[in-house]
1. Tell me, what HN-Hα J-couplings in whole Hz come from the Karplus equation 6.51 cos²θ - 1.76 cosθ + 1.60 at θ = phi - 60° for each residue of the range 105-114, using x for Gly and Pro?
2. Based only on Cα atoms, what mean projected area does the convex hull of the chain have, in nm²?
3. How far apart, in nanometres, would the label points at Lys229 and Lys132 be if each is projected 7 angstrom from Cα along the Cα-to-Cβ direction?
4. As a quick test, which of the pairs Lys71/Lys488; Lys122/Lys202; Lys229/Lys488 have an alpha carbon distance above 20 angstrom in this structure?
5. With an 8 Å cut-off on Cα pairs and a minimum separation of 6 or more residues, tell me the relative contact order of the chain in percent.
6. Which whole-number percent is the relative contact order of the range 169-270 (Cα, under 8 Å, 6+ apart)?
7. Ranking request for peptides 81-93, 550-562: highest mean number of other beta-carbon atoms within 10 Å first, then the rest in descending order.
8. Given a Förster radius of 41 Å and the C-beta distance between Lys271 and Asp11 as r, what FRET efficiency does 1/(1 + (r/R0)^6) yield to the nearest 0.05?
Amino acid sequence: MTDSIYHRGPDDEGFHIDGNVGLGFRRLSIIDLYAGHQPLFNEDNSLCIVFNGEIYNYQEQRNLLIQKGYKFKTATDTEVILLLYEEYGVDCLRFLRGMFALVIFDKREQRLFCARDRFGIKPFYFYKDDEKFVFGSEIKAIISCDKIDKTLSNNALNSYFSFGYIPGDLSIYSKINKLQASQFLLLSLKERTSIAIENYWKIKFEPDFSRSEHQWKEELVDCLSETVKLHMISDVPLGAFLSGGIDSSSVVAMMARNSKLPVKTFSIGFKEQKFNELSYAREVAKKYNCEHHEQIVEPESINLLPKLVRAYDEPFADSSAIPTYYVSKLAREHVTVALSGDGGDELFAGYDIYSYFSRVYNFPFNLQNKLLNNLLWGNLSRVLPIRGRIKNTIYFLSKERAKMHAYLNIWSPGERSALFAGEYQELAGSSPEFHKLHLLEDGSPDDFISSLQYLDLRSYMVDDILTKVDRASMLNSLEVRVPLLDHKFAELSFRIPSKLKLRGIDKKHILKSSMKPFLSDNILNHQKQGFSMPLAIWFKDDLTSYLNDTLMLGKPRLSSYLDIEYVRSYMLKKGNSDGNRSEKIWSLLIFEEWLNLFESS
C-alpha cells in the first residue's frame, strides 16, 4: 500500500502494527528533516499518528503546550497535533491552521480518529466492509490491499459525465468513499460496525456592513501578508506558481514582502496566444526580482495522459491537469514546496459566471429566458468569455434562480440519456445535480452571489481544483500550499459584503483594490484566461489522428457503458457549434484511458 504512493513521500517510510491495527506512511520531508519519522508516538506510546500536510501555526501551539507541561521529542508539526489531541481530544482540530489528512490510533480509547482539513486541500479515502476498514491518501493505496470490492459506482459514473469530476463522498468505486472537507471520523475498535462522521467547521457568509471599503482593504492586505508568511515556513527550498493572474500574483507580491531572498517562480504557457499568460507572469516576476522559470506546453503532452489518469485513480476530466503537472514538474527541479493562488475566484467572486448570473438575475423572468437562450445558442455564446461550464441552463430555468449554478454540466441530462448504453441507461433517470442542490440547502447564504461562491467552495473547488493540484503536484513529489485557503483569511473574506467583491462587471473588486499598491493595472485588469488548455485547436489539428484511433476505430472499452454510435455521431456532426464540445470529447478520452488502465489491471 505504501509502495503505491511512493511519489507522495520518497524521503522515508514507516509502519506500526498493533494487533489488528496497521498504520503505514510515506514521508516528504519539509519540517525537522531528520527527526520527523512517522508513525509518531506520544510519551507513553498510548497514541500514534500518521499525518499528511502542514500546520502553519504549529510553533505557536507548541509553545502553549510546553507551558502546559508537555515535552517534545521533535520539532515537527506532527507531534504538535498528537499532543493537542492528547490535551483536547477531537477538539484539537479547532486549534489547527493548515492542510491535513490525519489518523490517530488512540490505544486507551480503542478507536481511530481520522480528519481532513477545512477546505479539503489534502485527500482522505476510506473503504469499509464486514471485515476491514482501510484508508489512504489515494485510491491506489486502498485497492493495493487484499480483497477490495472494486464494483463501479453508477452514481459516480453519472456524476463524472455531468461535472467532469466525482463530487462529495463518492469515488468511482461504490465501496470507497471520501472523507469530506472539514469532517472527522471516529471508528470504534470495540464496536467494529460503529463509524461516526461529523463536521467540525462550516463555511458561514456573515457580511459586516458597518465597515468602509478602505478598512476592508487594509485588513485584507494585513491578513494576506500574515497568512503567506506562515505558509513560507519550511526547512527545504520554496517557491510559487505564477500564472500572471491576480491571485498568484498577489501571493508572490506578499512572498516578496516577507522574504529577503528572491522568490522562485514557475509559469506554464502555450504557443496559442489566446491561452498564453506568460507576459503577465514575466511582468510580476520582473517587478519583484524573482528567480523566474517558465515552460511551453505542446500538443505532444497528450502522451502524458496514461500517467495522469493513473495518478488520479478515477476518471477526472479537467484538462488543466496537464499544465498543472508540467508546472509542478518544473518547480520540483528547483524547490520542494510551492505556494499557489487557488481559492481566490471562489472567495472573491472571480468567475465570469458570477457576473453574468448577477446581471441576468435582475432581469424579468421572460428576458432571462431570452438572454440565456442567446448565451447557449446565439451570438452571445461567441462573445462572452464563459467557457464551457454554462450548459443547458435554459432547460432548468424553472428551478430557483440561485440553483441555476448546480445545473451547469458537461453533458446535460438529456444528452446523458442518449449517451449511456444498455443497463446504464437507467442512470439518466437519476440526477447528480441533486448533490449540489443539497449543498445549497445545507447552510447556503441568502445573498445570491454568496450562494454561488458557497456552492463552488463545497464542490467545484474541493473535488476539481484542489484534487487536480494535489495529484499533479504529489506525482512530482512537490508540496503545494494554498495560502488563500487559510481558514482565518477565508473567514475574513466571508465577512466582506458581496457588493464589494462583485461590483457590476468588476470581479474581485475588493481584492484588486487592496492589491493596487503591489500590482500594476495591467495585472489587475487584464481579461481572465485561467489555466485552460487549447483543446479545441489541438483536436482540429495535432490530435486528430489520436482522436480517431481512440474513439472512432474498433470497439473502445467505453462502448460497454456508452452508446458508441451516439458518441461517434456527435464527434462527426458537421458544424458542431456546441461551446463545450472539446470538454465533452475530453471526458470521453479520459474515460477510455481510465478503462484501459483499470479494467485491464
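Since every read-out is calculated from the coordinates, none of them should be taken as a lab result. All values derive from a computational prediction rather than experimental measurement. In this analysis, Cβ positions are derived from the backbone assuming ideal geometry, glycine residues included, and neighbour counts consider all displayed protein chains.
1. 8, 9, 5, 5, 8, 6, 8, 9, 10, 10
2. The orientation-averaged projected area of the Cα hull of the chain comes to 26.7 nm².
3. About 4.8 nm separates the two model spin labels.
4. Lys71/Lys488
5. On the way: 1018 pairs, mean separation 98.6, N = 601.
Once normalised by length, the contact order is 16 percent.
6. Contact order relative to length: 16 percent.
7. Descending mean neighbour count gives 81-93, 550-562.
8. Working: r = 37 Å, r/R0 = 0.89.
Computed FRET efficiency for Lys271 and Asp11 comes out at 0.65.
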